[in-house]
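One structure coming up, written as structure tokens, with questions to follow.
The values are calculated or read from the model by the stated rules, or taken from the named source; none is laboratory data. All of these numbers come straight from a predicted model, not from anything done at the bench. As a convention, Cβ positions derive from the backbone with ideal geometry for all residues, glycine included, and neighbour counts pool all protein chains shown.
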Amino acid sequence: MEDALHVPVLLQECLDGLAIDTDGVYLDGTLGLGGHSFEIASRLTKGRLICIDKDDFALKRASERLAPFAGRVTFVHSDFRYASSVVRDLGVGSVNGMLFDLGASSPQLDDAERGFSYMQDAPLDMRMDRTSSLTAYDVVNTYPAEDLARIFFEYGEEKFSRKIAAAIEKVRMAHPLETTSELVSVIKGAMPASALREKQHPAKRCFQAIRIEVNDELGAVREMMRTAPDALAPGGRLCVISFHSLEDRIVKTEIQKRENGCTCPREAPICTCGFVRTLRSVTRKPITASEAELKSNPRSRSAKLRIAERV
Ligand SMILES: C[S@@+](CC[C@H](N)C(=O)[O-])C[C@H]1O[C@@H](n2cnc3c(N)ncnc32)[C@H](O)[C@@H]1O
Ligand SMILES: [Zn+2]
């Protein structure tokens with residue numbers, strides 16, 4: 001964990017945001033390497049920590065790291081979209097704080113075999129949960145070209161989305177695309193020379209888009225934001241770190257809906273629409289990394305932390 005890449009993002013900000021009570025119950029919906037969880041668990045005395053990850057490998061590694069706190073930590077292999085059911089099924093009632101550090105972890109991205117990286121050759125996989133069925137291979141080889149183009153455009157903001165989708169369609173008529181390298185070369189082949197000279201790797205945007213699709217990353221965040229806050233005790237805190245605008249928009253909108261979702265006409269003297277406020281934003285603007293963190297941890301560059309409190 002001394003490795004700079006593995007330093008948890010916005011750590012102090014999350015610990016402050018969660019306002020940890022040593023006797024409280026907390027949930028980390030994105031355990032990963034357990035960086036945030038380690039610090040939360042070490043602050044608990046009678047409290048308890050529930051750790052969720054959909055990657056069985058992450059659970060295994062992090063549970064070794066968190067072994068010193070084994071008595072107060074519960075590990076659950078699940079999708080964080082089910083966080084509120086996980087809390088209910090454990091018979092906990094409600095929790096005092098929840099943390100979600102979205103996206104993929106560095107071991108997932110660095111492990112060539114898992115097929116997340118456009119820099120290393122591997123079978124097209126990209127599943128965070130290796131027990132789930134949809135892989136990058138399925139997306140690339142079976143999705144209609146117009147769906148591919150839409151995904152590249154919406155999830156990757158790829159300007160050449162249609163050209164790339166058409167190129168994939170053409171290649172896969174002859175044979176399926178099997179590897180990340182094959183996909184990278186098809187993507188590159190569909191882009192004009194000027195785009196290939198840009199600083200960003202030409203396949204970065206499409207790879208991000210396929211990863212979001214394979215793991216239904218936006219669907220999971222949406223479902224979590226709709227249901228997880230109901231498992232918070234009054235005064236309980238919700239902390240969400242997102243890494244791109246699509247995620248941040250969902251987090252922001254869902255907090256707003258729970259905070260100010262009254263649909264009565266503005267001139268109405270009292271609210272009659274049945275709206276009940278269930279969250280209050282603690283931070284008006286998202287918290288971003290300090291200068292010091294930006295210098296030491298490149299991953300923090302696009303991180304945005306939003307904090308809300310259960311009313
Ligand atoms: C950025 S890492 C978390 C790093 C962690 N905070 C740390 O300090 O080590 C994100 C983790 O969330 C997991 N994950 C992503 N989406 C998930 C989902 N919908 N449900 C459960 N786990 C998810 C990934 O498998 C990955 O391990
Ligand atoms: Zn109203």
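State all residues of segment 24-40 that are within 12 Å of ligand 1 (Cβ to nearest atom) and crowded, with 23+ Cβ neighbours inside 10 Å; if no residue qualifies, say none.
Of segment 24-40, the ones within 12 Å of ligand 1 (Cβ to nearest atom) are 27-40.
LEU27, ASP28, GLY29, THR30, LEU31, GLY32, GLY34, HIS36, SER37, ILE40, listed by residue number.
Another question, then. Starting from segment 29-45, take each residue that is closer than 18 Å to SER78 by Cβ and list its partners that are among the basic types (Lys, Arg), counting only C-beta distances under 6 angstrom and pairs at least six apart or across chains.
So the pair list comes out as GLY34/ARG65.
Quick one: would you say LYS252 is away from ligand 2 (no atom under 16 Å from the Cβ), part of a helix (DSSP H, G or I), within 27 Å of ILE287 (Cα to Cα) and in the same structural domain as SER78 (by TED's automatic domain parsing)?
Yes, satisfied.
Mind checking whether some residue in segment 168-188 is of a type in the set (Gly, Ala, Ser), part of a helix (DSSP H, G or I) and touching a helix residue (DSSP H, G or I) at 6+ places or on another chain (Cβ under 6 Å)?
Within segment 168-188, not a single residue is of a type in the set (Gly, Ala, Ser), part of a helix (DSSP H, G or I) and touching a helix residue (DSSP H, G or I) at 6+ places or on another chain (Cβ under 6 Å).
Continuing with the same structure: Applying the selection to segment 111-149, what residues are closer than 17 Å to ASP53 by Cβ and hydrophobic (A, V, I, L, M, F, W, C)?
Result: PHE116, MET126, MET128.
Further question on the same structure: Against the conditions (1) surrounded by 19 or more Cβ atoms within 10 Å (Cβ to Cβ); (2) under 26 Å from GLN12 (Cα atoms), where does ALA190 fall short? Just the number, please.
The one condition ALA190 does not meet is (2).
Taking the residues in segment 251-271 that are more than 21 Å from the chain's Cα centre (by Cα) and β-branched (Val, Ile, Thr) as candidates, determine which candidate is farthest from ligand 1 (Cβ to nearest atom).
ILE270
Quick check on segment 272-287: of everything there that is in contact (Cβ under 8 Å) with a residue 24 or more places away in the chain and assigned to a loop (DSSP other than H, G, I, E, B), which residue is farthest from ligand 1 (Cβ to nearest atom)?
So the residue we want is ARG277.
Let me ask another. Got a number for residues in segment 194-252 being of a type in the set (S, T, N, Q), surrounded by 23 or more Cβ atoms within 10 Å (Cβ to Cβ) and under 25 Å from SER94 (Cβ atoms)?
1
Inside segment 261-283, can you point out the residues that are loosely packed, with under 12 Cβ neighbours inside 10 Å and over 20 Å from LEU232 (Cβ atoms)?
Answer for segment 261-283, where residues must be loosely packed, with under 12 Cβ neighbours inside 10 Å and over 20 Å from LEU232 (Cβ atoms): THR263, PRO265, ARG266, GLU267, ALA268, PRO269, ILE270, THR272, CYS273, GLY274.
Then there's this: Could you tell me whether segment 138-149 includes any residue that is assigned to a helix (DSSP H, G or I), in contact with a Lys or Arg (Cβ under 6 Å, 6 or more places away or on another chain) and buried (at least 20 other Cβ atoms within 10 Å of the Cβ)?
If we filter segment 138-149 for residues that are assigned to a helix (DSSP H, G or I), which is where we start, we get 138-142, 145-149.
Narrowing the set further to residues that are in contact with a Lys or Arg (Cβ under 6 Å, 6 or more places away or on another chain) leaves 141, 149.
Now drop any that are not buried (at least 20 other Cβ atoms within 10 Å of the Cβ), which leaves 149.
Yes: segment 138-149 contains one or more residues that are assigned to a helix (DSSP H, G or I), in contact with a Lys or Arg (Cβ under 6 Å, 6 or more places away or on another chain) and buried (at least 20 other Cβ atoms within 10 Å of the Cβ).
Hey, another quick one. Restricting to segment 1-16, name every residue that is modelled with pLDDT under 95 and outside any loop (DSSP other than H, G, I, E, B).
Result: ALA4, LEU5, HIS6.
Moving to a separate point now. Tell me, which helices (runs of 4 or more DSSP H) wholly within segment 17-110 include 2 or more residues that are of a type in the set (Asp, Glu) and assigned by TED's automatic domain parsing to the domain that holds CYS239?
Once the helices (runs of 4 or more DSSP H) in segment 17-110 are filtered for at least 2 residues that are of a type in the set (Asp, Glu) and assigned by TED's automatic domain parsing to the domain that holds CYS239, what remains is 56-65.
Have a look at GLU169, GLU198, GLU178 and point out the one that is of a type in the set (Asp, Glu), more than 25 Å from GLU113 (Cα to Cα) and away from ligand 1 (no atom under 16 Å from the Cβ).
GLU198
State which residue pairs qualify: first residue farther than 18 Å from ARG310 by Cα and inside segment 6-22, second residue of a type in the set (A, V, I, L, M, F, W, C) and assigned to a helix (DSSP H, G or I) in any location, beta carbons under 8 Å apart, and separation of 6 or more residues or different chains.
PRO8/CYS14
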